[in-house]
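Before any comments, here is the structure.
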Amino acid sequence: MMEQPTRWIRNFVDGRFVDPVDSAGFDDIDPATGVVVARVHEADRTIVDRAVAAARRAVHEGWADTPVRDRTDLLRRAADRIEQRFDEFVAAEVADTGKPIAQARQLDVPRAIANFRAFADIVAAAGQESFLTELGDGRRALNYALRKPLGVVAVIVPWNLPLLLLTWKVAPALACGNALVVKPSEETPATATLLAEVLGEVGLPDGVYNVVHGFGSDSAGEFLTTHPGIDGVTFTGSSTTGSHVMKTVAPRVRPVSFELGGKNAAVVFDDVDPAEALDGLARAIFTNTGQVCLCTERVYVQRTIFDDIAAGLVERAQQLRLGRPLDESTTTGPLISQEHRQKVRDYLDLAESSGAKVLTGGGVPELGAGLDGGAWIEPTLWTGLTNAHRVVREEIFGPVAALIPFDTEQEAVALANDTEYGLAASVWTNDLRRGHRVAQRMNVGMAWVNTWFLRDLRSPFGGMGLSGIGREGGESSLHFYTEPTNVCVQL
Ligand code: NAD
């Protein structure tokens, strides 16, 4: 058999792809099969330096002063172009992540398009704060705050929803007039690179969007966050990495936006509509093989309906179809890598040694048909655990959840809030007043009632505690990606 030429995924600097001069790089692996789909050119310090320098030049030589209307028009053209190249984005995302093609078509790529359109609207409509100041002695002054771009923003994103999470930052940052150096996850380099092509096609000036590939420590991630030419860092990833990045940025006192991990709770009351709640809970636990920061890993259920909810969730877990990502009927893909699967398997073992009863799953499925080399794991539900167990306290980031009974509303709130994380929670009840009351008492950035992952891009998104610093979305994104200068004019 003829050997296929290696397909390279390259760095993108100052409007051009950088050809690898040697074979320095790493493999891009399809986690469904374990097969190498491409080689990725790892950016060394010189490439990162060039990317930051290009971004600095681009922002100061025009992009920051480009009229907002032109910048937001460009975002809309980018959305249109992604729509035209929809199937390419879907294919690239599926090859990198192993996620089901149906999900990439319905969630990942449409949300990327929506991110560009929504932030074009939000930024085009944004006003500026102004105050008429009356000093009491007859003098008056006009204060107004002018919002300027931060400058060069480092965008560092994870592998779970690569394009969705990237464009969620790229769209508002560009609309606000910043230039970017983007570092996608080493596991999922393809769509950030494809986006470089699209942004060039719609006329983004050279140097405004740059992509550097690599890892974290002693690689492109750290070269970027420690770079003196960076004016701010927006980071999505684990809490441990976030804490590390914060230290590396601290000496130069740059603003950071951190969207980090979660150990999210669902609280299910016994007045709920069981079918509606079960469908929602199953989505919250198993979407993207549990690899969404918002996924539920703790389900607190009122004791009177505990057995029914547990049985209903087991039924839904067993209906999930694990299989080839390109098969239209597949609902559930693999985990992102063998390394991550080992982490999840360690938690499965820990749960059992902690006395958990495995209601369903608990191991590695045998799927055959070329999928044996993939990072597959069974959707898993446990009972018999409490908040004292590590598996109920630490983020696992897999298709797993612990079901825990409660008796009173007060107890449910205390259990849900008994965590160092604070990203998201959902409350399931048919009692309107209880829904509001409990949601308001959740110590999280986002609380849902009778739904999960329903997003309005104008609303604030982010977490408290170990789940992050700051908010993005709507006005919050504008605040992060700009710096105000207040002008005070005595009248
Ligand atoms: P990760 O922290 O390992 O990596 C995230 C990114 O940071 C990657 O691009 C990685 O290469 C880079 N990185 C790693 N070390 C670095 C360093 N020292 N300096 C600079 N960059 C570095 O996270 P992951 O495993 O890719 O993603 C999963 C995590 O992301 C989970 O904890 C999940 O909850 C979290 N997440 C949070 C949100 C949110 O919005 N809150 C969304 C999605 C994922």
Filter the stretch 209-243 for residues that are acidic (Asp, Glu) and not in a helix (DSSP H, G or I); which is surrounded by the most Cβ atoms within 10 Å (Cβ to Cβ)?
Asp231
Working only within the stretch 267-282, note down all residues that are in a helix (DSSP H, G or I) and either of a type in the set (A, V, I, L, M, F, W, C) or out of contact with any Lys or Arg (no Cβ under 9 Å at 6 or more places or on another chain) (or both).
Pro274, Ala275, Glu276, Ala277, Leu278, Gly280, Leu281, Ala282
Go through the stretch 378-461 and tell me which helices (runs of 4 or more DSSP H), entirely inside it, have 1 or more residues that are under 29 Å from Asn115 (Cβ atoms).
432-441
Residue pairs within 9 Å by beta carbon, gap of at least six or interchain, first lying in the stretch 126-140 and under 11 Å from Asn486 (Cβ atoms) and in a loop (DSSP other than H, G, I, E, B), second modelled with pLDDT of 95 or more and among the small types (Gly, Ala, Ser), listed first then second, are Gln128/Ala145; Glu129/Ala145
Within the stretch 450-489, the residues that are without any contact (Cβ under 8 Å) to a residue 24 or more places away in the chain and surrounded by fewer than 17 Cβ atoms within 10 Å (Cβ to Cβ) are Leu454, Arg455, Asp456, Ser459, Pro460
Condition met for Gly138 (within 17 Å of Ser477 (Cβ to Cβ), more than 22 Å from the chain's Cα centre (by Cα) and away from the ligand (no atom under 16 Å from the Cβ))
no
Within the stretch 10-67, considering only strands (runs of 3 or more DSSP E) that don't extend past its boundaries, which have at least 3 residues that are touching a helix residue (DSSP H, G or I) at 6+ places or on another chain (Cβ under 6 Å) and of a type outside the set (Gly, Ala, Ser)?
11-13
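Out of all the residues in the stretch 244-255, which are assigned to a helix (DSSP H, G or I), more than 7 Å from the ligand (Cβ to nearest atom) and among the β-branched types (Val, Ile, Thr)?
Val249
Among the candidates Glu134, Glu187, which residue alone is of a type in the set (D, E, K, R) and out of contact with any Ser or Thr (no Cβ under 9 Å at 6 or more places or on another chain)?
Answer to the selection: Glu134.
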Set Asp87, Asp96: member being of a type outside the set (Phe, Trp, Tyr) and without any contact (Cβ under 8 Å) to a residue 60 or more places away in the chain:
Asp87
Could you please let me know if Glu186 is within 16 Å of the ligand (Cβ to nearest atom), more than 22 Å from Tyr481 (Cβ to Cβ) and of a type in the set (D, E, K, R)?
yes
Selection over the stretch 303-324 where residues are part of a loop (DSSP other than H, G, I, E, B) and touching a residue at least 40 places away in the same chain (Cβ under 8 Å) yields a count of 3
Looking only at the stretch 189-208, how many residues end up being part of a loop (DSSP other than H, G, I, E, B), farther than 14 Å from Thr167 by Cα and not aliphatic (A, V, I, L, M)?
4
Has the stretch 302-322 got any residue that is buried (at least 16 other Cβ atoms within 10 Å of the Cβ), among the hydroxyl-bearing types (Ser, Thr, Tyr) and closer than 30 Å to Ala447 by Cβ?
no
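Would you mind stating whether Ile285 is under 23 Å from Leu466 (Cβ atoms) and touching a residue at least 24 places away in the same chain (Cβ under 8 Å)?
Numbers: under 23 Å from Leu466 (Cβ atoms): yes; touching a residue at least 24 places away in the same chain (Cβ under 8 Å): yes.
In short, yes.
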Can you find even one residue in the stretch 212-224 that is away from the ligand (no atom under 11 Å from the Cβ) and not aliphatic (A, V, I, L, M)?
no
What is the residue count in the stretch 378-433 for residues that are within 16 Å of the ligand (Cβ to nearest atom), surrounded by fewer than 19 Cβ atoms within 10 Å (Cβ to Cβ) and not basic (Lys, Arg)?
2
Going residue by residue through the stretch 196-208, is there one that turns out to be within 16 Å of the ligand (Cβ to nearest atom) and not aliphatic (A, V, I, L, M)?
no
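Check the stretch 96-103 and report whether any residue there is of a type outside the set (Gly, Ala, Ser), part of a loop (DSSP other than H, G, I, E, B) and closer than 26 Å to Arg283 by Cα.
Among the residues of the stretch 96-103, at least one is of a type outside the set (Gly, Ala, Ser), part of a loop (DSSP other than H, G, I, E, B) and closer than 26 Å to Arg283 by Cα, which makes the answer yes.
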Residue count, the stretch 143-160, condition over 12 Å from Gly237 (Cβ atoms) and either near the ligand (Cβ under 10 Å from one of its atoms) or not in a loop (DSSP other than H, G, I, E, B) (or both), comes to 10
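The values are calculated or read from the model by the stated rules, or taken from the named source; none is laboratory data. Nothing here was measured: the structure is a model prediction, and the numbers come from that model. A quick note on method: Cβ atoms are made from the backbone with ideal geometry, for glycine too, and the neighbour counts reach across all protein chains shown.
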